[in-house]
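Where a number appears in this text, it was derived from the coordinates with a stated rule and is not lab data. Please read these numbers as outputs of a predicted model, since none were measured by experiment. Positions of Cβ are backbone-derived with ideal geometry, glycine not excepted, and every protein chain shown enters the neighbour counts.
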Amino acid sequence: MRIITKEEFLKLPDGTVYCKGGRWWWEQISVKSKSYDNDWRYLQLDQIPANDSGEWLSNQERMLKTGESMPIQITDVRDGCFDPSDLFLVYEAEDLKLIKEYI
């Protein structure tokens, strides 16, 4: 893995696996899907299937109470925060191979 600045991150290709963060914390693992001048889109890998926020909350409550299983909903999201101080923990090929072994 390596830690890079936002400027460097925006130059990376679609499909880059990363965690956004700062000094020294990281958010969830995401997959970059498209860069803009000062922003990007990413695939969010931790979503409960839903068509709106009410259904999203309801589905989570039902899953917790009943143990029901639901398929992952991969969502394409725009970051939209425009914070130049963001840092990125970027996974490299060897890291992804190791993660694949665990999965």
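Things worth noting here:
- Apart from one condition, Ile103 fits all of (1) farther than 28 Å from Glu7 by Cβ; (2) touching a Cys at 6+ places or on another chain (Cβ under 6 Å); (3) of a type in the set (A, V, I, L, M); the exception is (2).
- Scope region 43-78; condition in contact (Cβ under 8 Å) with a residue 24 or more places away in the chain and among the hydrophobic types (A, V, I, L, M, F, W, C); matching residues: Leu43, Leu45, Ile48, Ile72, Ile74, Val77
- Residue check, Asp39 surrounded by 14 or more Cβ atoms within 10 Å (Cβ to Cβ) and in contact (Cβ under 8 Å) with a residue 60 or more places away in the chain: no
- Any chance Gly22 is at positive phi and not hydrophobic (A, V, I, L, M, F, W, C): no
- Filtered residues of region 79-103 (kept if among the acidic types (Asp, Glu) and touching a residue at least 12 places away in the same chain (Cβ under 8 Å)): Asp79, Asp83, Asp86, Glu92, Asp95
- Residue list for region 44-90, restricted to those being among the charged types (D, E, K, R) and either touching a Lys or Arg at 6+ places or on another chain (Cβ under 7 Å) or over 17 Å from Ile29 (Cα atoms) (or both): Asp52, Glu55, Glu61, Arg62, Lys65, Glu68, Asp76, Arg78, Asp83, Asp86
- The requirement of being surrounded by 11 or more Cβ atoms within 10 Å (Cβ to Cβ) and not acidic (Asp, Glu) is satisfied by Leu12.
- Of all residues in region 75-95 being under 12 Å from the mean Cα position of the chain (by Cα) and over 9 Å from Met1 (Cα atoms), the one that is surrounded by the most Cβ atoms within 10 Å (Cβ to Cβ): Phe88
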